Amino acid sequence: MLSVIRVHLPSDIPIVGCELTPYVLLRRPDTNATTDDVPESAPLDGHFLRYKWYRIQSDRKVAICSVHPSEQATLQCLGCVKAKIPVAKSYHCSPKCFSDAWQHHRVLHDRAASAINENGNEEEELFGRFNSSGSGGINTSLSGSASSASLTNGSTPLYPAAVTQRSGGETWFEVGRSKTYTPSADDIGHVLKFECVVVDAETKLPVGHSNTLLTSRVIPAPSPTPRRLISVSGLDAMAPLDSDGRISSTGTFTVLSYNILSDVYATNDTYGYCPSWALSWPYRRQNLLREIVGYRADIVCLQEVQSDHYEEFFAPELDKHGYQALYKRKTNEVYNVNTHTIDGCATFFRRDRFSHVKKYEVEFNKAAQSLTDALVPSAQRKTALNRLVKDNVALIVVLEAKFSNQGADNPGKRQLLCVANTHINVHQDLKDVKLWQVLTLLKGLEKIAASADIPMLVCGDFNSVPGSAPHSLLAMGKVDQLHPDLVVDPLGILRPHSKLTHQLPLVSAYSSFARVGVGLGSDQQRRRMDATTNEPLFTNCTRDFIGTLDYIFYTADSLTVESLLELLDEESLRKDTALPSPEWSSDHIALLAEFRCKPRPRR
């Protein structure tokens, strides 16, 4: 007969918005073990599995610490209450927690003094307040959905809610009848109970005992303070992202570049300082999606997007927000693993702002084959290919704008835009390969530029710090022949050094922070820039490395920078040791720039 051997949850802490999928090990009638589901619609030997989820609600509601979300709060910052800061951010688990967090916490007070958070009232309803008596109790009124007439969680259709059960000061609300469950705001501070039982398909009665498990208390998804757009055009000093994601007129557009950290690289061995629940993909994907959608960029360039995550999550989810998707998976000649987990570059654009014209795929492996066939003696080609073939790719997309800033003197002129998205090889000892890959990409873009008068953006993770040879080639159009990176060239692929040039007038978007005048916000951003390179102090921050690897370059003869997404400061990130963290779900930070097309002279 069908029986349940074991039930457990892979994630130790349930988080709002992150689906819980229990691991259920079964013994089939033929005694073989399996994890396959046995639903009522497809019984096995006359039996199926029935699932139920309960919220165990104590008569005393619990608040969660804003710094350590797995801990119960014991005190509340009254300054937050008076300033109408979202109440969830006011709770702390101990006086030491509050004291240690004060330097970062007071930033909330400073910002609240100039602007009221629109979500404050809403979150007060979700989390409740401590009683004014100072007893530390929290109001116990349930939100409306707790007594809702129907349940919708999981894949099961609507059905009448079961009668609640009550025992010893606790009330059990049935909240789901499918194998999976996604905690909601109503569950915060409460323990969830999962129940799995074998049921006779004919009598619909349980057979044997039910298998149950209890979770830890549900915690809210950490919500970092939103990053702001800082104007560099001298018009607005500082502005939040508005409902359209832009602070200027319709003639502008925004571009986001973000290495989201592929799940296969997000291991506890590498990022042991990040809580396991915050490193899990079910949590990170929701947090990343919230962040990306929140920027409301017109064009989104993502790196390290796994093939399966692109197809099953990012493409369908961003489609709901009006984005069309394009993808280029890395080749798999070096790492011959499951093709579904190979990562690549994904470019999304808003359908109401742009239309797709053309797509080019750059496989550096193919370019390596052509290079070795042409330059390397046959006896050395295998060695050369072992060094050059690294599976990196680039995705180049040509878009046509559905808006115009050409003016009345240029009616009807098509506004095209070329966007390159790439992830250059990571190995620091392969300086020649990095530079060759960047040169190969730029030569391809030069061919496109020669065939059309078109503004260009070059985005991505270049795995190259400011001042390196790849960065010099991008930013300066050439590499000094005495550059130390050129010493590493065992195959001679960089010689003659005079060929290390390109004609695209590329400028790094974030260098605009170094040139902008004094203003609210701009001074702070300049302190987060490297004065010698005019690049951010970092875009990647782990326990063992901090530096800039990501860039958005643009052709300065056809585009101007209007505003930039503010940079983060290292001190605020170090409170969680490094990236990724519960607040930021990648080891890189997102870069975003707002551009305006320059009017082109009539020919």
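Find all pairs meeting these conditions: Cβ atoms under 7 angstrom apart; at least six residues apart or on different chains; first residue within region 312-335 and not assigned by the TED database to the domain that holds ALA401; second residue not hydrophobic (A, V, I, L, M, F, W, C).
From residues that are not assigned by the TED database to the domain that holds ALA401, there are no pairs.
Check VAL433, VAL488 and return the single one that is open to solvent by 20 Å² or more (accessible area, probe 1.4 Å) and among the aliphatic types (A, V, I, L, M). Break it down into steps so the answer makes sense when it comes.
Values: VAL433 fails: open to solvent by 20 Å² or more (accessible area, probe 1.4 Å).
After ruling out the rest, the residue left standing is VAL488.
Out of curiosity, is GLY467 farther than 22 Å from GLU535 by Cβ and either assigned to a loop (DSSP other than H, G, I, E, B) or modelled with pLDDT of 95 or more (or both)?
On the way: farther than 22 Å from GLU535 by Cβ: no; either assigned to a loop (DSSP other than H, G, I, E, B) or modelled with pLDDT of 95 or more (or both): yes.
So GLY467 fails the test.
For region 464-477, give me each residue that is touching a residue at least 24 places away in the same chain (Cβ under 8 Å) and surrounded by fewer than 20 Cβ atoms within 10 Å (Cβ to Cβ).
Restricting attention to region 464-477, the residues satisfying the condition of being touching a residue at least 24 places away in the same chain (Cβ under 8 Å) are 464-471, 473-475, 477.
Scanning region 464-477 gives VAL465, GLY467, ALA475, GLY477.
Name the one entry in VAL389, VAL376 that is open to solvent by less than 50 Å² (accessible area, probe 1.4 Å), out of contact with any Pro (no Cβ under 6 Å at 6 or more places or on another chain), farther than 29 Å from VAL255 by Cα and modelled with pLDDT under 95. Steps first, answer last, please.
Values: VAL389 fails: modelled with pLDDT under 95.
Exactly one residue qualifies, and that residue is VAL376.
Within region 562-603, count every residue that is basic (Lys, Arg) and without any contact (Cβ under 8 Å) to a residue 12 or more places away in the chain. Can you show your working first?
Keep residues of region 562-603 that are basic (Lys, Arg), which gives 574-575, 596, 598, 600, 602-603.
Then keep just the ones that are without any contact (Cβ under 8 Å) to a residue 12 or more places away in the chain; that gives 574, 603.
Summing the residues that are basic (Lys, Arg) and without any contact (Cβ under 8 Å) to a residue 12 or more places away in the chain in region 562-603 gives 2.
If only one of ASP100, ASP30, ASP45 is at positive phi, open to solvent by 20 Å² or more (accessible area, probe 1.4 Å) and not assigned by the TED database to the domain that holds SER581, which one is it? First the steps, then the outcome.
Working: ASP100 fails: at positive phi; ASP30 fails: at positive phi.
Testing whether each residue is at positive phi, open to solvent by 20 Å² or more (accessible area, probe 1.4 Å) and not assigned by the TED database to the domain that holds SER581 leaves just ASP45.
Being without any contact (Cβ under 8 Å) to a residue 40 or more places away in the chain and either in the same structural domain as TYR265 (by the TED database) or under 26 Å from LYS598 (Cα atoms) (or both) narrows it down to one residue among PHE545, PHE553, PHE513; which is it?
Working: PHE553 fails: without any contact (Cβ under 8 Å) to a residue 40 or more places away in the chain; PHE513 fails: without any contact (Cβ under 8 Å) to a residue 40 or more places away in the chain.
Of PHE545, PHE553, PHE513, the one residue that is without any contact (Cβ under 8 Å) to a residue 40 or more places away in the chain and either in the same structural domain as TYR265 (by the TED database) or under 26 Å from LYS598 (Cα atoms) (or both) is PHE545.
Can you name every one of the helices (runs of 4 or more DSSP H) wholly within region 510-580 that holds 2 or more residues which are surrounded by fewer than 16 Cβ atoms within 10 Å (Cβ to Cβ)? Walk me through it before giving the result.
Values: elements: 512-515, 522-526, 570-574.
Helices (runs of 4 or more DSSP H) meeting the threshold: 522-526, 570-574.
Six or more apart or on different chains, Cβ atoms under 6 Å: show the pairs whose first residue is in region 46-59 and more than 22 Å from VAL4 (Cβ to Cβ) and whose second is among the acidic types (Asp, Glu) and open to solvent by 10 Å² or more (accessible area, probe 1.4 Å).
That search, which allows pairs on different chains as well, returns SER58/GLU170.
Hey, any hits in region 326-343 for a residue that's open to solvent by less than 10 Å² (accessible area, probe 1.4 Å) and closer than 22 Å to SER586 by Cα?
Initial filter on region 326-343 (open to solvent by less than 10 Å² (accessible area, probe 1.4 Å)): 343.
Then drop every residue that is not closer than 22 Å to SER586 by Cα, which leaves 343.
So far as region 326-343 goes, yes, one or more of its residues are open to solvent by less than 10 Å² (accessible area, probe 1.4 Å) and closer than 22 Å to SER586 by Cα.
Quickly run through region 2-38 and pick out the residues that are within 20 Å of ALA278 (Cβ to Cβ) and among the small types (Gly, Ala, Ser).
SER11, GLY17
Which of the residues belonging to region 470-528 are within 30 Å of ASP110 (Cα to Cα) and of a type in the set (Gly, Ala, Ser)?
Passing the criteria: ALA509, SER511, SER512, ALA514, GLY517, GLY519, GLY521, SER522.
Mind telling me which of the residues ALA346, ALA278 ends up being buried (at least 22 other Cβ atoms within 10 Å of the Cβ) and farther than 30 Å from SER70 by Cα? Explain how you work it out, then say what you get.
Values: ALA278 fails: farther than 30 Å from SER70 by Cα.
After ruling out the rest, the residue left standing is ALA346.
The values are calculated or read from the model by the stated rules, or taken from the named source; none is laboratory data. The shown structure was predicted, so the numbers you read here are calculated from the model rather than taken from an experiment. Backbone-built Cβ (ideal geometry, glycine too); neighbour counts: all protein chains shown. Heavy atoms of the whole protein, side chains included, go into the accessibility calculation; ligands, DNA and RNA do not. Shrake-Rupley method; radii C 1.70, N 1.55, O 1.52, S 1.80 Å.
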